[in-house]
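Heads up, the thing below is written out as structure tokens.
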Amino acid sequence: MTQSRESSRSVRIRNFGAPAVLSIENVAVPSPGDGEILLRVLAASVNPVDLKLRMGAIPFFPSEGLPYSLGGDFVGVVEEIGTGVDSRFSLGDRVYGLTTPVSGAQSDYLVVDAAQVTHAPKAIDAARAAALPVAAITAWQGLFDHGDLQAGQSVLVHGGAGGVGHLAIQFAKQAGATVLTTCSADDFDFVRALGADVAIDYKNQRFEDFAEDVDVVLCLIGGDTQDRSWDVIRQGGIFVSTIGGSDPGRAAAAKVRTAPPFMAQPNSGQLDQIAALVDAGKINVVVSETYPLHKIAEAHDRLEKGRVRGKIVLVME
Ligand SMILES: NC(=O)c1ccc[n+]([C@@H]2O[C@H](COP(=O)([O-])OP(=O)(O)OC[C@H]3O[C@@H](n4cnc5c(N)ncnc54)[C@H](OP(=O)(O)O)[C@@H]3O)[C@@H](O)[C@H]2O)c1
């Protein structure tokens, strides 16, 4: 069922709490302004940040800002082009991108800054393309912009079977790095098929027994995993976290550099590079489950339970 052009269903929260606070509201279809385009959204991923936001666990999005419209990345079809948009886009083009987690990408229609989107990969369907923007850009910027990973180096990816991790393994491998990763033992075959050289069972093994003098740690986990990581990085190596929270004292003692906490930033040039890799068959984008928009609460429940390989994606009916 496609929504009429007059209204757009949108995932919103008016209170913080359990998945029951998620509601689908009908809102007016927005019009694109200067430099913007209107998209009919085909699919939008569910990211861990959606869960944290829903629970009120992100100080940047306080209760004073409620209600929030959820969804920060998307694949959609160009429906209308605002003034001042360059000629890269035509009506009907399939594009993808990321914005903020409260941009309302989990909607039938979405207005976005044209600078933040680019053409989606052609070789994969909308659900798989929607799995990419936040996760892939986080992996890419974490490894290369913040981790400065180079060919011939080694990287330890903590959390390699999830949304960000399964792409980070592949990007690092493509770049000529040796990849070690922590994951559940059930995911060993999965991460090895993606290119991991060494898989470490985070529940029953100590990564310190496998990793030594790595050049980069990309930590998608935080906490104790982060605390134990300093000693496996070579002197002058780099620790990068997507969770925030760094420990300059421990880093200095271990003679390790820490990248400042970072949020994935929209970058259509990097999305173009990622789309080219996907279209060349060099990156396998894994969607474990899709949900229709109206089952958003089930999708949150599923991601919260864990043991998801790759991504969970909402597909607009
Ligand atoms: N800064 C940013 O811009 C940014 C962007 C994207 C994501 N993030 C954050 O990065 C984190 C990862 O995101 P994601 O999308 O990849 O999450 P995800 O899809 O939920 O994946 C997390 C993975 O970590 C594994 N895991 C859990 N505990 C672990 C441990 N102690 N050691 C090793 N692996 C463990 C899980 O495996 P099991 O299910 O088998 O336990 C799962 O495969 C989230 O906290 C997210 O909010 C930040």
TODO: Sort all Cα-Cα distances of the stretch 244-317 into consecutive 10 angstrom bins from zero, then give the percent of pairs in each bin up to the one containing the longest distance.
DONE: 15, 23, 33, 23, 6, 0
TODO: Among 259, 196, 172, determine the one that fluctuates most according to a GNM of the chain built with springs between C-alpha atoms less than 10 Å apart.
DONE: 259
Task: Residues whose placed amide H lies under 5 Å from that of residue 71, excluding near-sequence neighbours - done: 103, 104, 105, 106
- [ ] Distance between Cα centroids, the stretch 1-54 to the stretch 77-139: provide it in whole Å.
- [x] 14 Å
TODO: Using Cα positions and a limit of under 21 Å, work out the lysines in reach of residue 203, with same-chain residues fewer than 8 apart set aside.
DONE: 305
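Note down the relative contact order for the stretch 135-258 as a percent, whole number, built from C-alpha pairs under 8 angstrom at least six residues apart.
Relative contact order for the stretch 135-258 comes out at 23 percent.
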- [ ] Would you mind telling me the antiparallel percentage of the DSSP bridges in the stretch 135-258, rounded to 5?
- [x] 0 percent
TODO: May I ask for log10 I(q)/I(0) of the stretch 46-192 at q = 0.14, 0.19, 0.20 Å⁻¹, from a Debye sum over the Cα atoms as equal point scatterers with solvent left out?
DONE: -0.81, -1.18, -1.22
Task: Percent breakdown of C-alpha pair distances by 5 Å bin, ordered from the shortest bin, for the stretch 135-258 - done: 2, 13, 26, 27, 21, 9, 2, 0
Task: DSSP beta bridges in the chain [antiparallel fraction, %, rounded to 5] - done: 55 percent
Open item on the list: Can you compute 3J(HN,Hα) from phi for each residue in the stretch 15-25, using the Karplus curve 6.51 cos²θ - 1.76 cosθ + 1.60 with θ = phi - 60°, rounded to whole Hz and x for Gly and Pro?
Closed with: 9, 7, x, 5, x, 4, 6, 6, 10, 9, 10
Task: Those lysines that a straight Cα-Cα span of less than 27 Å connects to residue 282, excepting residues fewer than 8 apart in one chain - done: 122, 173, 311
TODO: Please list, in chain and number order, the residues 5+ apart from residue 111 or on another chain whose amide H is under 5 Å from its amide H, with Hs placed from the backbone.
DONE: 39
Task: Equivalent ellipsoid semi-axes - Cα gyration tensor, the chain, angstrom - done: 34, 21, 18
Task: Amide H within-cut-off set for residue 149, under 5 Å, with H built and near neighbours excluded - done: 144
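What ranking of 96, 291 emerges when the number of other C-beta atoms within 10 Å of each C-beta is taken as an exposure proxy, fewest first? Mind showing how you got there, number by number?
Details: 96 28, 291 17.
Ordered from fewest to most neighbouring Cβ atoms within 10 Å, 96, 291 come out as 291, 96.
Computed from the coordinates by the stated procedures, all read-outs in this text should not be read as laboratory data. Please read all numbers here as calculations on a predicted model, not as lab measurements. Because the Cβ atoms are built from the backbone with ideal geometry, glycine has one as well, and the counts that use them run over all protein chains shown.
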